[in-house]
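The values are calculated or read from the model by the stated rules, or taken from the named source; none is laboratory data. From a predicted model like this one, the values you see are computed outputs, not experimental measurements. Please note: Cβ atoms are built from the backbone with ideal geometry, for glycine as well, and neighbour counts cover all protein chains shown. The area values use the complete protein model at the heavy-atom level, side chains included, leaving out ligands, DNA and RNA. Shrake-Rupley method; radii C 1.70, N 1.55, O 1.52, S 1.80 Å.
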Amino acid sequence: MDIIQGIKERRSINFFELGEDLSVDTIEELLDLSNLAPSSFNLQPWQVIVVRDPEKKRILRECAMNQPKVEEASAVLIIIADPGAVEENRKKVLDSWQELGYMKPEMRETYQNMMQTLYGPGDSMKRNLFAVKNAALFAMNLMIAAKGMGLETHPMDGFDETCIKKEFHVPEQMLIPMLIAIGSLKKGVTLLPRAFRRQIKDFVRYESF
Ligand SMILES: Cc1cc2nc3c(=O)[nH]c(=O)nc-3n(C[C@H](O)[C@H](O)[C@H](O)COP(=O)(O)O)c2cc1C
């Protein structure tokens, strides 16, 4: 499937085929593709918990406003934004840039300082926004990649973050922008037509707001 077709055909699926397992190989193929998402300074501030176990899905459903698709989908991914990725990954980013010739060694400190200035201290709003925006790009890449692999998805932010953090042992400083249910469309279900989208004129301005 080409990218344009994938974008046009992606829908948030409410009804998943029950009892269809996704292998670790398939999930990891999908995650490898998603991981090619762009990110600020290539810092990749995302973590993912793959939930496939029926009992874990039941618990996740309870944290997610009892949405049936959480239990019915083959797997649900907890997408996590990690504000600590600046400190965690910056050495690897700079080493790789240096090795590949993107950056001269004498520029290392400048880039490191730039990251700190742009994304602020570890517990700041700036830092949380950095983590969430990049994790959301990862999530979108994942939904398009899933479509390309013949899978359907459903993003969700209808959940209690405190509950998920507690039940799935997510470190307190991390954020959970969304869950993504993955699987196949339940046989016999016909999707309603795609709901309204605003027109270009409703949200685009040229040159200035
Ligand atoms: C971040 C995010 C959170 C969402 N949360 C939920 C949710 O908790 N439950 C739900 O049924 N749909 C949820 N949706 C799905 C939207 O309702 C859906 O994307 C929108 O209606 C457009 O439909 P489409 O994805 O089929 O084009 C969410 C979508 C996004 C992007």
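Residue check, P83 against (1) in a helix (DSSP H, G or I); (2) of a type outside the set (A, V, I, L, M); (3) open to solvent by less than 10 Å² (accessible area, probe 1.4 Å), all met but one. Which one?
(1)
List every residue pair whose Cβ atoms lie under 8 Å apart, where the two residues are 6 or more positions apart in sequence or sit on different chains, the first residue falls within region 168-196 and is modelled with pLDDT of 95 or more and of a type in the set (D, E), and the second residue, located anywhere, is open to solvent by less than 70 Å² (accessible area, probe 1.4 Å) and away from the ligand (no atom under 13 Å from the Cβ).
E172/K165
Tell me, yes or no, whether region 100-107 has at least one residue that is surrounded by fewer than 18 Cβ atoms within 10 Å (Cβ to Cβ) and hydroxyl-bearing (S, T, Y). Working first, answer last.
Of all residues in region 100-107, those surrounded by fewer than 18 Cβ atoms within 10 Å (Cβ to Cβ) come to 100-107.
Cutting the leftovers down to hydroxyl-bearing (S, T, Y) gives us 102.
Yes, the conditions are met somewhere in region 100-107.
Sort out which residues of region 1-17 are open to solvent by 100 Å² or more (accessible area, probe 1.4 Å) and touching a residue at least 40 places away in the same chain (Cβ under 8 Å), and write them in order of number. Even if it seems obvious, please write down each step before you answer.
Residues of region 1-17 open to solvent by 100 Å² or more (accessible area, probe 1.4 Å): 1, 3-4, 8, 15.
Answer for region 1-17, where residues must be open to solvent by 100 Å² or more (accessible area, probe 1.4 Å) and touching a residue at least 40 places away in the same chain (Cβ under 8 Å): M1, I3, F15.
Starting from region 137-162, take each residue that is within 16 Å of A64 (Cα to Cα) and at pLDDT 95 or above and list its partners that are open to solvent by 40 Å² or more (accessible area, probe 1.4 Å) and not in a loop (DSSP other than H, G, I, E, B), counting only C-beta distances under 6 angstrom and pairs at least six apart or across chains.
Taking only residues 6 or more apart or on different chains, the pairs are H154/S12.
I need the helices (runs of 4 or more DSSP H) fully contained in region 123-209, keeping only those with at least 1 residues that are under 23 Å from I27 (Cα atoms), open to solvent by 90 Å² or more (accessible area, probe 1.4 Å) and within 16 Å of the ligand (Cβ to nearest atom). Lay out the reasoning, then the answer.
Working: elements: 125-148, 161-168, 200-203.
Where helices (runs of 4 or more DSSP H) fall fully within region 123-209 and carry at least 1 residues being under 23 Å from I27 (Cα atoms), open to solvent by 90 Å² or more (accessible area, probe 1.4 Å) and within 16 Å of the ligand (Cβ to nearest atom), they are 125-148.
When region 66-105 is examined, which residues are found to be on the phi > 0 side of the Ramachandran plot and within 16 Å of the ligand (Cβ to nearest atom)? Show your work before the answer.
Just the residues of region 66-105 that are on the phi > 0 side of the Ramachandran plot, to begin with: 66, 101.
Within region 66-105, N66 is the sole residue that qualifies.
I want to confirm something. Restricting to region 1-37 and keeping residues that are under 24 Å from V170 (Cα atoms) and outside any helix (DSSP H, G or I), which single residue is farthest from the ligand (Cβ to nearest atom)?
S23
Quick check on this structure: which one of Q112, Q47 is of a type outside the set (A, V, I, L, M) and under 19 Å from the mean Cα position of the chain (by Cα)? Walk me through it before giving the result.
Details: Q112 fails: under 19 Å from the mean Cα position of the chain (by Cα).
From the options Q112, Q47, the qualifying one is Q47.
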